[in-house]
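The values are calculated or read from the model by the stated rules, or taken from the named source; none is laboratory data. Predicted model only: the values in this text are computed from it and were never measured. Cβ coordinates were reconstructed from backbone atoms using ideal geometry, including for glycine residues, and neighbour counts include every protein chain displayed. To get the accessible areas, we keep the full protein, side chains included, count just its heavy atoms, and leave off ligands, DNA and RNA. Shrake-Rupley method; radii C 1.70, N 1.55, O 1.52, S 1.80 Å.
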Amino acid sequence: MSNGVLFQYFEWNLPDDGQLWNQLARDAKHLAEIGVTSVWIAPAYKGGGTQDVGYGVYDLYDFGEFDQKGTVRTKYGTRAELEAAVKALHDNGIQIILDTVLNHRMNGDDTERFPAQPVAADDRMKNIGEPREIESYTAFAFPGRGDKYSPFKWHWQHFSGVDYDKLTGSNDIFRIVGPGKGWSQGVDHENGNYDFLMGNDVDVNNPEVADELLSWGHWALDTFGFDGFRMDAVKHIDNVFTRRFLEEMSKQRKGELYAVSEYWSEKPKLLEDFIDATGGMTDLFDVPLHFNFHEAGECGEKYDMRKLLDNSLVACDPLHAVTFVDNHDSQPGGSLASNVQDWFKPLAYALILLMKEGYPVIFYGDYYSVTHTEPADDSDDPEQEDETVREASPHRKIIDMLLECRRKYAYGDETRLFDHPATVGLVRHGDGEHPGSGLVLLMSNGDVGTKDVCLGEEHAGEVWREFTGSIDDRVTLDENGKGTFGVCGRNVAVWIREDAVSQEE
């Protein structure tokens, strides 16, 4: 879709008040107005309790409907409230993308004993000692749901590995031993074999498991009308099964299913290999670009801005690149903490929202609020606890401006201006379908910067102004359509035609 925007509607430390689905329903109209076309929601099914963000999956079929794990609602609300939010989004023309966690299960109802082989954490192909009997929480009975929606019950043979032995209290990694058991092969090769991530590792090569996961996917699409899936932790799941899952779901949606997958790696070659292995059926988050943003923020003026797009997915495979600045994992305290410095976030968002390539994501924590911990006033007092503070994001104003620029002006061909170590940018040349469209974006990580930009003779005599308010001057193009555009130090500038607003009206 033209100039689409994906909004990640959660962050890791949201309040445990069960109100997110209600908030999302109320917010649907506003999201549509600012140009959001899809919303990515957190794993919406039952985990280990109301504080579970959703990745400690207990029951994929319980979207806040059954009394299980001490609660009916999830952290975000009830099934009925989720359904109301889905309807509100659809009524406002917004797709809804479900975070889909197929890799592991946690919070089992009971323990079982079975044979397992302890392996090295840094090389899961390396055995440690001899196989032995262990006991772990691999029995899932779903007492609150029973057989409703699915009679399938999980047991040890449905998993390939676990990370707990009750008999010894060990948290080592154990590969389950038995006929047909073993790590999946179509996974990342980090740590020898990265099939195992956490909890009870789902064995997608078990036919019963594969059938159950496919059945769940069909049920979820039919029941809630989701428009697609955000596939979690795909580097740990056999890519043969991921492709099969997406093919089956796409058939159900007659080819209109959208999928984006999380393959957390800075190596673009691994991302490209996964895209090939799954037949191009899923986009991928541009993790290498995120790490470029992270490095740029950390290094400040020492970072060479000409390298900002180097080795990114959007540079090598733009059709499959979902560009983002931060997310729930990269935010401070996250499991993959690598948050982009606040001073650099306006530059990063300007790039992903105004460049031609990539499908950009707005992170809830960058747009609304995040929770952080402030140290106690007297750190020498052991009785004084750190304070948890929820703070509104300082970036919403600039993101709103950039979203408006994306909706109105970010059209047409692109010329990149990555020719200076501190000041870079791009030109969007506009198109005939959007009167007044076209823009010049400049970004600086150092001092005040300028660029001489030639837009063509057809623009001769035009007056351009800076949209965000960071510069009050005007630029008048000469007879060749050339002008000198500026940007403040450590800032972003978006230049548009001064008469563009009147043309819109």
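Quick look at the values:
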{"read-out": "Single residue of K29, K46, K75, K69 found to be under 27 Å from R105 (Cβ atoms), charged (D, E, K, R), in contact (Cβ under 8 Å) with a residue 12 or more places away in the chain and open to solvent by 40 Å² or more (accessible area, probe 1.4 Å)", "value": "K69"}
{"read-out": "Answer residue from the stretch 97-143, given it is farther than 23 Å from V53 by Cβ and of a type in the set (S, T, N, Q) and is most open to solvent (accessible area, probe 1.4 Å) among those", "value": "N127"}
{"read-out": "Selection from the stretch 295-333 of residues that are assigned to a helix (DSSP H, G or I) and among the small types (G, A, S)", "value": "A296, G297, G300, A315"}
{"read-out": "Filtered residue count, the stretch 108-166, keeping only those that are charged (D, E, K, R), in contact (Cβ under 8 Å) with a residue 12 or more places away in the chain and closer than 23 Å to L214 by Cβ", "value": "3"}
{"read-out": "Residue count, the stretch 438-490 (criterion: within 24 Å of I399 (Cβ to Cβ) and touching a helix residue (DSSP H, G or I) at 6+ places or on another chain (Cβ under 7 Å))", "value": "8"}
{"read-out": "Residue among V234, V187, V204, V240 that alone is β-branched (V, I, T) and in contact with a strand residue (DSSP E or B) (Cβ under 6 Å, 6 or more places away or on another chain)", "value": "V234"}
{"read-out": "Output for the stretch 1-26, where each listed residue is assigned to a loop (DSSP other than H, G, I, E, B), of a type in the set (G, A, S) and open to solvent by 10 Å² or more (accessible area, probe 1.4 Å)", "value": "S2"}
{"read-out": "Scan of the stretch 477-487 for residues that are without any contact (Cβ under 8 Å) to a residue 24 or more places away in the chain and surrounded by 12 or more Cβ atoms within 10 Å (Cβ to Cβ), ordered by number", "value": "L477, D478"}
{"read-out": "Residue count, the stretch 8-37 (criterion: under 21 Å from E262 (Cα atoms) and touching a Phe, Trp or Tyr at 6+ places or on another chain (Cβ under 7 Å))", "value": "5"}
{"read-out": "Hits in the stretch 390-410 (condition: open to solvent by 20 Å² or more (accessible area, probe 1.4 Å) and over 24 Å from the mean Cα position of the chain (by Cα))", "value": "K408"}
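Results for (1) more than 30 Å from S338 (Cα to Cα); (2) modelled with pLDDT under 95; (3) hydrophobic (A, V, I, L, M, F, W, C), shown as yes or no for each residue.
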| residue | (1), (2), (3) |
| --- | --- |
| N206 | yes, no, no |
| G217 | yes, no, no |
| V234 | no, no, yes |
| A259 | no, no, yes |
| E266 | no, no, no |
| K269 | no, no, no |
| T278 | no, no, no |
